[in-house]
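Taking it in order: structure first as structure tokens, then the write-up.
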Amino acid sequence: TYVPTMAASAVTDVDGYASLASSTGYDNSVTYNAPRNLFITDVNAVEGGTMVFTVSLDGTAGTDVTFNYQSYSGLSTQVGGAAATQGTDFTAISGTATIPMGSLTVALSLVTTVDATYEGMENLSVTLSSATGGSISDSTGLGFIHNDDCPTNGWCQQAVLKPAYPENMSAVGK
């Protein structure tokens, strides 16, 4: 039976965080990270689809990172399209989520509602707050709901998902 012996020494990684490293080449390090930064993505979905907002850390944390989240009705023309309405256009979400120590992401899912009304793109937001073990760098994820219905004039085109920001538009603070 081989039991490796290790000489541990303190080292500093490229981010300036101290860790213990083994001189044997085995990865037996224990990292003590400063709080990491949280970011949330912007997403698109067609009516009736699920929006998956990804909350990410800018690096692995030495502890669990928890935060609260809440969905809100849209910001109207400030970010493009009309304001989506909770309960009518999407099912509200809220709660507390955790990114476990050593992980980088967690997904927040929000279901949009199918309707038979032709309407333009609608928007909503999911906001992060009250983080522990990390700092919130981007607190608001924008969601864009794309119509899947045809207008009454009979001309119809399927919704095509585009990047999170509609063409020639940018969100405030993004």
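The values are calculated or read from the model by the stated rules, or taken from the named source; none is laboratory data. Nothing here was measured: the structure is a model prediction, and the numbers come from that model. With ideal geometry, Cβ positions are generated from the backbone for all residues, glycine too; neighbour counts draw on all protein chains shown. Side chains are part of the model used for accessible areas, which takes the heavy atoms of the whole protein and leaves out ligands, DNA and RNA. Shrake-Rupley method; radii C 1.70, N 1.55, O 1.52, S 1.80 Å.
Taking a virtual spin label 7 Å from the Cα of Ser130 along the C-beta vector, which residues in the range 89-122 bring their backbone nitrogen under 15 Å of it? Residues 94-98 qualify, since their backbone N sits under 15 Å from the label point.
Remark on Ser73: its backbone amide H falls under 5 Å from those of Gln86, a criterion applied only to residues 5 or more positions apart or on other chains, H modelled at 1.01 Å from N. Converting phi to 3J(HN,Hα) with the Karplus coefficients 6.51, -1.76 and 1.60 and the offset θ = phi - 60°, the range 110-127 yields 10, 8, 8, 9, 7, 9, 10, 9, 6, 8, x, 4, 10, 10, 8, 9, 10, 10 Hz in sequence order, with x at every glycine or proline.
On a per residue basis, the range 63-124 carries 49 Å² of accessible surface, using protein heavy atoms and a 1.4 Å probe.
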